[in-house]
Amino acid sequence: MLGTGYDTRAYGSLKRDGLRTFEVDQEATQRLKRTGLERAGIDASHVTFVSVDFSRDDAFERLAQAGFDPGRKTLFLWEGVTLYLEREYVVRTLQGVRDNAPAGSTLVMDVYAQRFVDFANRPRNRKALELTGEQVSFGLPFETDARKELERLATGAGLRLGETRFLGAHDPRGPYAAVAELSI
């Protein structure tokens, strides 16, 4: 789970015998999450926490150091992260998935439209981002052919675009986001 944040699926619906789970996120976020899990009495012994800042660190180098096996078929979940990164870090992470997992592995990710990013960066909307210390940067131009833009991103990183759901697909300005399956 790349950029896991406070997602708790690894402690419920994704917790299974024989399934190895790695939660990858910033150290400060993981520290707060682990404290919360401990206070709630939730067992996290089946999860390996890997501290990564996608704009500075090589996530897959850190994963390897934590015991991730690049030879095992893997499902990567990457949600709610790409809009906070610059394009180069999104592409680097996609290439890392390609280079560190065998054929048959899958990445499920969300990607936001550039218009969504532009809206969030309007002066009157910046206050919410300032409160969290975050900034949004990456979006794709979904106005004309959103699928083509996603295919361009995927193939540019050496991945294949699979099943995709567009959120707001009937808006005349195009969808505001997509959830896409990319495979190796």
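Quick notes
- Residue within segment 4-11 that is more than 20 Å from Ala157 (Cα to Cα), of a type in the set (Gly, Ala, Ser) and in contact with a helix residue (DSSP H, G or I) (Cβ under 9 Å, 6 or more places away or on another chain) present: yes
- Comparison of Ala103, Ala128 shows that the only residue that is among the hydrophobic types (A, V, I, L, M, F, W, C), free of Cβ contacts under 8 Å to residues at least 40 places away in the same chain, out of contact with any strand residue (DSSP E or B) (no Cβ under 6 Å at 6 or more places or on another chain) and surrounded by fewer than 15 Cβ atoms within 10 Å (Cβ to Cβ) is Ala128.
- Residues (touching a strand residue (DSSP E or B) at 6+ places or on another chain (Cβ under 7 Å), in contact (Cβ under 8 Å) with a residue 40 or more places away in the chain and not in a helix (DSSP H, G or I)) located in segment 141-160: Leu159
- Residue that is surrounded by the fewest Cβ atoms within 10 Å (Cβ to Cβ), among those in segment 28-56 that are in contact with a helix residue (DSSP H, G or I) (Cβ under 7 Å, 6 or more places away or on another chain) and small (Gly, Ala, Ser): Ser55
Yes/no matrix, rows are residues, columns are (1) within 18 Å of Ile184 (Cβ to Cβ); (2) of a type in the set (S, T, N, Q); (3) assigned by TED's automatic domain parsing to the domain that holds Glu163:
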position: Arg62; (1), (2), (3): no, no, no
position: Leu83; (1), (2), (3): no, no, yes
position: Thr93; (1), (2), (3): yes, yes, yes
position: Gly96; (1), (2), (3): yes, no, yes
position: Ala103; (1), (2), (3): yes, no, yes
position: Asp110; (1), (2), (3): no, no, yes
position: Ala113; (1), (2), (3): no, no, yes
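- Qualifying residue in segment 57-76 (condition: out of contact with any strand residue (DSSP E or B) (no Cβ under 9 Å at 6 or more places or on another chain), surrounded by fewer than 15 Cβ atoms within 10 Å (Cβ to Cβ), without any contact (Cβ under 8 Å) to a residue 40 or more places away in the chain and farther than 17 Å from Ala101 by Cα): no
The values are calculated or read from the model by the stated rules, or taken from the named source; none is laboratory data. Quantities reported herein were computed from a predicted structural model and do not represent experimental measurements. Reconstructed Cβ throughout: ideal geometry from the backbone, glycine too, with neighbour counts over all protein chains shown.
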